[in-house]
1. Whether any residue in the stretch 50-57 is of a type in the set (A, V, I, L, M) and closer than 17 Å to residue 240 by Cβ is what I want to check.
2. Select from the stretch 122-148 the residues that are touching a strand residue (DSSP E or B) at 6+ places or on another chain (Cβ under 9 Å) and among the hydrophobic types (A, V, I, L, M, F, W, C) and list them in ascending order.
3. Tell me, which residue of the stretch 90-125 that is among the β-branched types (Val, Ile, Thr) and in contact with a Leu (Cβ under 9 Å, 6 or more places away or on another chain) is nearest to the ligand (Cβ to nearest atom)?
4. Given the condition aliphatic (A, V, I, L, M), touching a Phe, Trp or Tyr at 6+ places or on another chain (Cβ under 7 Å), buried (at least 23 other Cβ atoms within 10 Å of the Cβ) and in the same structural domain as residue 85 (by TED's automatic domain parsing), answer yes or no: does some residue in the stretch 110-120 qualify?
5. Can you go through 162, 178 and tell me which one is within 13 Å of the ligand (Cβ to nearest atom), touching a strand residue (DSSP E or B) at 6+ places or on another chain (Cβ under 6 Å) and in the same structural domain as residue 257 (by TED's automatic domain parsing)?
6. Given the condition of a type in the set (D, E, K, R) and either in a loop (DSSP other than H, G, I, E, B) or in contact with a helix residue (DSSP H, G or I) (Cβ under 8 Å, 6 or more places away or on another chain) (or both), answer yes or no: does some residue in the stretch 171-187 qualify?
7. Take the residues in the stretch 199-221 that are within 10 Å of the ligand (Cβ to nearest atom) and assigned to a strand (DSSP E or B); name whichever of them is surrounded by the most Cβ atoms within 10 Å (Cβ to Cβ).
Amino acid sequence: MDIFSMREFDGHERVVFGHDEETGLRSIIAIHSTALGPAAGGCRMWPYGSTSEAVTDVLRLSRGMSYKNAMAGLPFGGGKAVIIGDSRKAKSVELFQAYGRFVGSLAGRYITAEDVGTTTADMEQVARVTNFVSGLGRKPGEAGGDPAPKTALGVFLGLKAAVKFRFGRSDLEGLRVAVQGVGGVGYHLCRLLTAEGVKLRIADIRPAAAQRASDEFDAVAVPVESVLSEEVDVLAPCALGAVFNAQSIPLIRARVIAGAANNQLAEENDGTALELAGVLYAPDYVINAGGIISVAREYNGGATEAQVTSEIHGIPRRLMEIFERARRDGRATNTVADQMAQERIGRGVARLVA
Ligand code: NAD
């Protein structure tokens with residue numbers, strides 16, 4: 001595997017492999033950029049089919065974190081970690097402590113937190129061996145804790161902004177929304193949408209998760225294979241990445257995409273394909289920044305939950321700016337967002353150099 005020649009390699013500062021014989025830990029940390037501060041981003045545990053699959057994922061995810069942190073105005077660069085393994089079978093206290101030592105070996109260049117397959121409890125184990133971790137348990141009223149509900153709040157507010165922009169309406173009553181993946185974020189998003197009178201369709205590869213959401217929110221469970229082509233107004237992808245691609249885009253009937261998943265576009269030009277198909281795409285790393293805002297404020301200390309919530313309310317304003325610019329310049333929303341993020345990171349470099 002020639003990492004420097006991989007399509008996903010984007011001038012990453014470091015890609016580090018960690019292995020622990022005793023616990024079987026196999027982990028990769030990618031630091032994309034520290035121009036704006038230490039690299040912050042979650043740790044994904046996933047049963048990757050191969051090491052190169054894991055490298056591809058961590059390279060893409062860490063670049064996304066640079067852009068996400070820059071667009072959210074956080075004093076952090078972008079990084080991400082993956083642990084290769086099945087989170088339902090391979091977890092142990094020792095594994096996460098070994099992972100914590102791996103994070104600690106980078107001496108604060110990378111700060112970890114939870115992501116798909118890892119939880120607050122796992123990060124508590126990491127915190128026993130390193131300080132470079134966030135997304136931990138917290139006291140009521142303090143910033144932090146499980147980021148999923150915060151991410152869901154940001155997606156909910158961003159979805160409302162996208163609906164306003166596309167349909168010119170401020171309420172969601174009777175709107176049809178399909179949510180792909182009702183795990184940590186998707187579940188909380190369903191709760192917020194239901195309270196506003198949305199008609200929900202949901203799909204999850206875990207039957208128990210789908211059942212819980214359909215019971216609690218009066219949501220119609222639809223097949224996993226067809227959720228992206230449901231006849232709805234809005235699609236909220238809250239599972240894994242690369243869901244919008246040359247195969248899926250022609251089948252989409254929604255006019256808005258506003259969801260939590262990272263790296264929703266398989267290729268950059270899929271953003272243009274969505275634009276040409278008349279679909280308004282809310283760039284993933286802008287709309288899903290609620291969790292990292294919470295994690296970052298927890299890590300820096302001193303912030304209250306109310307301050308975090310107020311910061312998350314800035315997400316719709318940033319999205320509106322992107323939508324307006326995209327319309328004005330006739331460009332895809334993801335292209336506009338990428339350029340804005342790159343400019344912010346570039347200015348950070350200039351500031352450090354000056
Ligand atoms: P999660 O693992 O709790 O939930 C994901 C859900 O999607 C699971 O229930 C899973 O069964 C389901 N799923 C997986 N593949 C599916 C498929 N093909 N079709 C339907 N369902 C499928 O993860 P989460 O924390 O809710 O995160 C969801 C997405 O949002 C991820 O892409 C994650 O990277 C992103 N994200 C999460 C946060 C956060 O705060 N948790 C923050 C930013 C971005």
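The values are calculated or read from the model by the stated rules, or taken from the named source; none is laboratory data. Every value quoted in this text rests on a predicted model; they were computed, and no experiment measured them. Note: ideal-geometry Cβ built from the backbone for every residue, glycine included; neighbour counts use all protein chains shown.
1. Filtering the stretch 50-57 for residues of a type in the set (A, V, I, L, M) gives 54-55.
Of the ones still in play, those that are also closer than 17 Å to residue 240 by Cβ are 54-55.
Yes, the stretch 50-57 contains a residue that is of a type in the set (A, V, I, L, M) and closer than 17 Å to residue 240 by Cβ.
2. 123, 126, 127, 132, 133, 143, 148 - these are the residues of the stretch 122-148 that are touching a strand residue (DSSP E or B) at 6+ places or on another chain (Cβ under 9 Å) and among the hydrophobic types (A, V, I, L, M, F, W, C).
3. Out of the qualifying residues, it is 116.
4. Checked against the condition, which is being aliphatic (A, V, I, L, M), touching a Phe, Trp or Tyr at 6+ places or on another chain (Cβ under 7 Å), buried (at least 23 other Cβ atoms within 10 Å of the Cβ) and in the same structural domain as residue 85 (by TED's automatic domain parsing), the stretch 110-120 yields at least one hit.
5. 178
6. Initially, the stretch 171-187 is screened for residues of a type in the set (D, E, K, R), giving 171, 173, 176.
If we keep only those that are either in a loop (DSSP other than H, G, I, E, B) or in contact with a helix residue (DSSP H, G or I) (Cβ under 8 Å, 6 or more places away or on another chain) (or both) too, we end up with 171, 173.
Checking the stretch 171-187: at least one residue is of a type in the set (D, E, K, R) and either in a loop (DSSP other than H, G, I, E, B) or in contact with a helix residue (DSSP H, G or I) (Cβ under 8 Å, 6 or more places away or on another chain) (or both).
7. The selected residue is 202.
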